[in-house]
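Report on the following structure.
Laboratory data are not the source of any read-out in this text; all were calculated from the coordinates shown. These figures come from a predicted structure and were not determined experimentally. For neighbour counting, all protein chains shown are included, and Cβ atoms are generated from backbone atoms with ideal geometry for every residue, glycine included.
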Amino acid sequence: MISKKVNLALKVASKAHRDQVRKGTDIPYISHPVAVALIIGEYTTDEDVIVAGILHDVLEDVRPSIYSEADMRGDFGDKITDIVKDVSEDKVAGEPEKPWIERKKGYLAHLDNLANVEPIIVSTADKIHNLTDMLDEYERVGDGLWEKFNASKDDELWFYKSFLEIIQKKAIPEKMKADLESLVNMLESVIKQG
């Protein structure tokens, strides 16, 4: 049976992301946080981590006027909100963004310095889903895939390889590390072939 907290998270994320689609597709964005939560559930039963997975892009990609950090703290408490903040890039929806490389370097440095494993699990599940989608899309459209990103395919590979190096040092489930490593290796293979 689904818990009240998970159910509320699904409602909040569905409303917050209601007008968004996955980059370069017409797929409703809510599919991504739900997939991330399902991936997290393969490695842990910690409900707070699963809920944070459902909410992981809300503070980063949704205008605060729609759903804010204060709203999240009120609805879900500090632990879940802090996990979501730890996996959010340094940007606010609707405001000018820093350059892609600057945001990614800041994100990686932040994750590298985290002692808590909960945000690392959420972020790794996010990367597993993103890579799974990228590789599926590559099979469908080939090199046309790279046109929808803000970075080159080499920069994308740099980011995922750097992320993998960081999580290899963290105390998250070994299977999760191995699953991500397999996807990063597939991405590298695709890029080197192309």
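Couple of notes before you dig in:
- Both radii were evaluated on the Cα set of the stretch 93-154; the Rg over Rh quotient, with Rh as the Kirkwood radius, amounts to 1.03.
- Within-10-Å neighbourhood charge of residue 114 [Cβ basis; K, R +1; D, E -1]: -2
- Taken about its Cα centre, the chain carries a charge dipole of about 200 debye when Lys and Arg each add +1 at the Cβ and Asp and Glu each add -1 at the Cβ.
- Relative packing of peptides 116-123, 147-154, 31-38 - highest average C-beta neighbours within 10 Å first: 116-123, 31-38, 147-154
- The stretch between residue 20 and residue 186 holds 57.0 nm of extra length on full extension. This uses 0.36 nm per residue minus the Cα-Cα distance.
- Cβ charges +1 (Lys, Arg) and -1 (Asp, Glu), total dipole of the stretch 6-82, debye: 320 debye
- Dividing the summed -39500 (n - 2.57) terms of all DSSP H runs of n ≥ 4 by the residue count of the chain sets its mean residue ellipticity at 222 nm at -22000 deg cm²/dmol.
- Each residue, residue 161 and residue 63, gets one label point 7 Å from its Cα in the Cβ direction; the gap between the two is 4.0 nm.
- Full-stretch length increase - residue 115, residue 169 - with 0.36 nm per residue and alpha-carbon distance subtracted: 18.4 nm
- Long-range tail of P(r) for the stretch 57-194 (Cα pairs > 24 Å, %): 36 percent
- Remark: the residue 152-residue 101 segment gains 17.3 nm on full extension, using 0.36 nm per residue and subtracting the alpha carbon distance.
- Given 23/192; 127/192; 15/169; 4/98; 5/98; 104/170, the pairs whose alpha carbons are separated by over 30 Å: 15/169; 4/98; 5/98
- Near residue 136: Cβ cut-off under 14 Å, other residues only, Lys/Arg at +1 and Asp/Glu at -1. The net charge is +1.
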